[in-house]
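Enquirer: Attaching a single structure in structure tokens format; questions to follow.
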Amino acid sequence: MYSVVGSFWNFHGTDRVFSISHEVVVICSIQKEDLALMYCNFCGALLVANQTVCNKCGHAIVGRTFLSRVEQHLKLLGIFWIAYALLHAIGGFVLLVVSHTIFGRYGNGEHPAFIRPLLSGIAVFVLAKGGVSLITGFGLLERQSWGRPLALIMAFIALLNVPFGTALGVYTLWVLMSPQADVEFNRLVASG
């Protein structure tokens, strides 16, 4: 199968990706460890990711930069966690206001006595979950070492919240539990 990206032709096979332009052909071979290795078409030297010139022969490297799944999606994932936290904060605040107005002092008194403390407890729980989700989002955006484990824990908890939490939980697990995701995340944390 092949496709055109800009002025490049990309041929996608089962285990190889070829990017061809008029200057350089970059061949990426997927190894057993799911790492992409790139080689210069002119001299066959091993290339480093995001390298623009071959160190051995000096030819320009023209082609698409291959980013890892974690690197591509980490910023968006952090933004989604912050948005999810804001939804929880709004919901928790509204529930807290409702529990103290409609079911509190200003209500007509026809409600069972346990409803106000129950709704207040649920509101505090939702607000706390929103706070931890906000911390998760900032941890991912700032590439903190504790961001990935916290995001994975929160993803499993978020799976229970249909539909937004389920979607965010599945997306988080897809990004952060992909093959070599721990190595890629640790590399991103080390690079700053």
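Enquirer: Report, ordered by the first and then the second residue, all pairs with beta carbons closer than 6 Å, sequence separation of six or more or different chains, a first member in region 51-68 that is over 11 Å from Cys40 (Cα atoms), and a second member that is of a type outside the set (A, V, I, L, M) and at pLDDT 70 or above.
Expert: Pairs that qualify, where the first residue is over 11 Å from Cys40 (Cα atoms) and the partner is of a type outside the set (A, V, I, L, M) and at pLDDT 70 or above, are Thr65/Asn50; Ser68/Glu184.
Enquirer: Then there is this: If I go through region 135-152 residue by residue, how many of them are aliphatic (A, V, I, L, M) and more than 14 Å from the chain's Cα centre (by Cα)?
Expert: Result for region 135-152: 1.
Enquirer: Further, regarding this structure: I'm trying to understand the selection: among the residues of region 154-177, which are farther than 19 Å from Leu87 by Cβ and either outside any loop (DSSP other than H, G, I, E, B) or more than 11 Å from the chain's Cα centre (by Cα) (or both)?
Expert: Leu173, Trp174, Val175, Leu176
Enquirer: Among the residues of region 141-152, write down those that are closer than 12 Å to Ile79 by Cα and assigned to a helix (DSSP H, G or I).
Expert: Leu141
Enquirer: Right, another one. Out of Asn186, Asn161, I need the residue that is surrounded by fewer than 18 Cβ atoms within 10 Å (Cβ to Cβ), closer than 18 Å to Ala128 by Cα and at pLDDT below 95. Which one?
Expert: Answer to the selection: Asn161.
Enquirer: Determine which single condition Phe138 fails, assuming it passes every other condition in (1) assigned to a helix (DSSP H, G or I); (2) touching an Asp or Glu at 6+ places or on another chain (Cβ under 7 Å).
Expert: Going through the list (1) assigned to a helix (DSSP H, G or I); (2) touching an Asp or Glu at 6+ places or on another chain (Cβ under 7 Å), Phe138 breaks only (2).
Enquirer: Right, His100: more than 30 Å from Leu150 (Cα to Cα), without any contact (Cβ under 8 Å) to a residue 12 or more places away in the chain and in the same structural domain as Ser133 (by TED's automatic domain parsing) or not?
Expert: Considered against the rule, which asks whether it is more than 30 Å from Leu150 (Cα to Cα), without any contact (Cβ under 8 Å) to a residue 12 or more places away in the chain and in the same structural domain as Ser133 (by TED's automatic domain parsing), His100 comes out as no.
Enquirer: Let me ask something else about it. How many residues are hydrophobic (A, V, I, L, M, F, W, C), at pLDDT 90 or above and surrounded by 14 or more Cβ atoms within 10 Å (Cβ to Cβ) if we restrict to region 87-114?
Expert: Matching residues across region 87-114 total 6.
The values are calculated or read from the model by the stated rules, or taken from the named source; none is laboratory data. Everything quoted here is computed from the prediction, not taken from an experiment. Glycine also receives a Cβ, built like all others from the backbone with ideal geometry; neighbour counts cover every protein chain displayed.
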